[in-house]
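Have a look at the structure below before the remarks.
The values are calculated or read from the model by the stated rules, or taken from the named source; none is laboratory data. Just so it is clear, the structure is predicted and the values come from calculations on it, not from any experiment. Here the Cβ positions follow ideal geometry from the backbone for every residue, glycine too, while neighbour counts run over all protein chains shown. The area values use the complete protein model at the heavy-atom level, side chains included, leaving out ligands, DNA and RNA. Shrake-Rupley method; radii C 1.70, N 1.55, O 1.52, S 1.80 Å.
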Amino acid sequence: MSKWLLTVLFLIGSVFLTRLIPFSSFFRYLDTTIHEFGHAAVTLLLSGKVMYIELYADHSGVTKSMITRPWSMIPIGLAGYMTASLFAWMLFALYSRGLQKQGLAAVTGLAALTLVLFVRNGYGMLWLIGFVALNVVVLLWGNQTIIKWYYLLIAFLTLEESMVGSLYLLYLGVNHPRQAGDATLLDQATGVPAVVWGLWFTVFSLWCAKRALQCFFGRSRRKQGLNLQGGMR
């Protein structure tokens, strides 16, 4: 069986399994936060102005910004989904090196930075405060096992949401191209159809998911190898 097919099957299985975990919906807002932070960060890098970010109860979000260069809409439009996919990969890369605490600290820092600098609607602020507070509690008082499984929950949910979000955007690009969010904006900025952008985000997120799962399974194989070596001494 090909590695790509294994990646897809594992993601499908993870989507169903993690939804059985109580309160898993709470953590799905992290992907939205990362997505909108990506838009905001690239806007600032290109000398634009971020007015605000809003996070909504249906797991969606919006970044309101002002730009002076029309072409900058292209990298800003690309940033959301691609940042979310890359961030999920980064979480697994840190896990593969045993850096769960550092990864959780990075997630907490990003959420806190987004809260302080950008988010202004009540629901978004409340969720970010709760998420940051929960992370701080886990970091300060959780043992190694708790931190590991808490971190993996966040990592897998972020990976899944980045993939599912891209697939849904592709669906909108095919069936409702004028309502396909970032893909519609990129269509308007470039003339390239929304469905093409939806396909690009889907392929990119799948590639990042494959690399992320390689990190996850690679650590498991290394631990098994160490255990075998320890047993042979």
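For segment 117-134, the condition holds for no residue, the condition being that it is open to solvent by 30 Å² or more (accessible area, probe 1.4 Å), among the basic types (K, R) and in a helix (DSSP H, G or I). Once segment 135-144 is narrowed to residues that are exposed (fewer than 15 other Cβ atoms within 10 Å of the Cβ) and in a helix (DSSP H, G or I), the residue that is nearest to the chain's Cα centre (by Cα) is V136. Yes or no: S85 closer than 19 Å to V203 by Cα and either surrounded by 20 or more Cβ atoms within 10 Å (Cβ to Cβ) or touching a His at 6+ places or on another chain (Cβ under 6 Å) (or both)? So S85 fits the description; yes. Restricting the first member to segment 119-136 and to residues that are of a type in the set (V, I, T) and at pLDDT below 95, and the second to residues that are open to solvent by less than 30 Å² (accessible area, probe 1.4 Å) and part of a strand (DSSP E or B), no beta-carbon pair is closer than 6 Å while six or more apart or on different chains. Among residues of segment 154-185 being open to solvent by 30 Å² or more (accessible area, probe 1.4 Å) and among the aliphatic types (A, V, I, L, M), the one that is nearest to H39 (Cα to Cα) is L185. Within segment 187-206, restricting attention to residues that are touching a residue at least 24 places away in the same chain (Cβ under 8 Å) and within 19 Å of H35 (Cα to Cα), the residue that is nearest to the chain's Cα centre (by Cα) is S205.
Quick check, is G142 more than 23 Å from S85 (Cβ to Cβ), modelled with pLDDT under 95 and of a type outside the set (V, I, T)? Yes: the conditions hold for G142. Beta carbons closer than 7 Å, at least 6 apart along the sequence or on distinct chains, pair a first residue in segment 45-63 that is touching a residue at least 12 places away in the same chain (Cβ under 8 Å) and surrounded by 19 or more Cβ atoms within 10 Å (Cβ to Cβ) with a second that is charged (D, E, K, R) and outside any loop (DSSP other than H, G, I, E, B) for I53/E36; G61/E36; G61/E54; T63/E36.
The condition of being in a helix (DSSP H, G or I), more than 28 Å from V137 (Cβ to Cβ), open to solvent by less than 40 Å² (accessible area, probe 1.4 Å) and modelled with pLDDT of 95 or more does not hold for V107.
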